[in-house]
Amino acid sequence: MNKKILASLVIIGILGFALGLGTYAYFFDTADSTGNTFTAGTLDLQVRDSDEGWGDSVSGTWCTPSNWAPGEYFEAWIEMRNIGSIGVTHIRVKGINLDESVPGFADHIFLKTVIYSEYWNYSSNAPGTTRNEYNITNAIIQHYGMDTNNDGKITLNEFITWCQTYSMLFAEGPWESGEPYLNPGGAKPQILRLGFLFDPDAGNDFQGATASFDLTIWAGQSYEQYPPIWWATPSHGYGY
Ligand SMILES: [Ca+2]
Ligand SMILES: [Ca+2]
């Protein structure tokens, strides 16, 4: 009985409110924001090497002479640009797909040189227009953990094995310079040089041997993105 009384009171209240609305008249006006559009930007990484122009991939960048002999050094470069509309803050590089015709050959090929570029103006401590190249080989030997047997040499085998877990990170990045590592629109391409030495003490077992690997270059916008990285960012700031 009490519930029925309560319900009736509510209905009466609503009716009273509705009636009240009809007793006032307010002015009003409207304004619109039309055509709101969300458009995703693009990252578009391209590479080129000494014998191929800009494209999504190159081949045979690191191809030694077929008569490569112990003690001989071989270096080659790959250049990167971003023709998308958003800047790339991080480049990561991994060596994969090691293949050797004679087991152990990759233990006698040493990664001797890692050089990468940044556009950095020392005098103003700000982004610059000159592409400077930085040799970070010592930093990699000392801090990257690639030299798993701690003999002071990074073999091709050690490099590829390390890359199963990590990737080399190259980044100027907005937190440091206010400028992405790879600018949009293809501006300011960067370069990576890798040099390899055929172990001077390699024995006769490796005559005629071949080894090959692939290099994957990844461009992104964040530390957190896959693939996993080695956190010690190579940088001119480290002074190596
Ligand atoms: Ca090529
Ligand atoms: Ca080693």
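For region 138-158, residues that are surrounded by fewer than 18 Cβ atoms within 10 Å (Cβ to Cβ) and away from ligand 2 (no atom under 12 Å from the Cβ) total 3. Looking only at region 97-119, decide whether some residue is closer than 21 Å to G195 by Cβ, within 13 Å of ligand 2 (Cβ to nearest atom) and of a type in the set (F, W, Y). Yes, the conditions are met somewhere in region 97-119. The residue that is nearest to the chain's Cα centre (by Cα), among those in region 57-88 that are closer than 30 Å to F198 by Cβ and assigned to a strand (DSSP E or B), is M80. Here I91 passes the criteria (1) within 16 Å of ligand 1 (Cβ to nearest atom); (2) assigned to a strand (DSSP E or B); (3) at pLDDT below 90 except the one numbered (1). If I filter region 35-47 for residues that are surrounded by 10 or more Cβ atoms within 10 Å (Cβ to Cβ), more than 13 Å from ligand 1 (Cβ to nearest atom), part of a strand (DSSP E or B) and in contact (Cβ under 8 Å) with a residue 60 or more places away in the chain, do I get at least one hit? Yes, some residue in region 35-47 is surrounded by 10 or more Cβ atoms within 10 Å (Cβ to Cβ), more than 13 Å from ligand 1 (Cβ to nearest atom), part of a strand (DSSP E or B) and in contact (Cβ under 8 Å) with a residue 60 or more places away in the chain.
Taking region 194-203 as the search range and keeping residues that are of a type outside the set (D, E, K, R) and within 12 Å of A69 (Cβ to Cβ), which one is surrounded by the fewest Cβ atoms within 10 Å (Cβ to Cβ)? If we take residues in region 194-203 being of a type outside the set (D, E, K, R) and within 12 Å of A69 (Cβ to Cβ), then P200 is surrounded by the fewest Cβ atoms within 10 Å (Cβ to Cβ). For region 41-56, the criterion of being closer than 24 Å to A211 by Cβ, among the hydrophobic types (A, V, I, L, M, F, W, C) and more than 17 Å from the chain's Cα centre (by Cα) is met by no residue. Check region 96-110 and report whether any residue there is buried (at least 21 other Cβ atoms within 10 Å of the Cβ), under 21 Å from the mean Cα position of the chain (by Cα) and not in a helix (DSSP H, G or I). No, region 96-110 contains no residue that is buried (at least 21 other Cβ atoms within 10 Å of the Cβ), under 21 Å from the mean Cα position of the chain (by Cα) and not in a helix (DSSP H, G or I).
The values are calculated or read from the model by the stated rules, or taken from the named source; none is laboratory data. All of these numbers come straight from a predicted model, not from anything done at the bench. Virtual Cβ from ideal backbone geometry, glycine too; neighbours counted across all protein chains shown.
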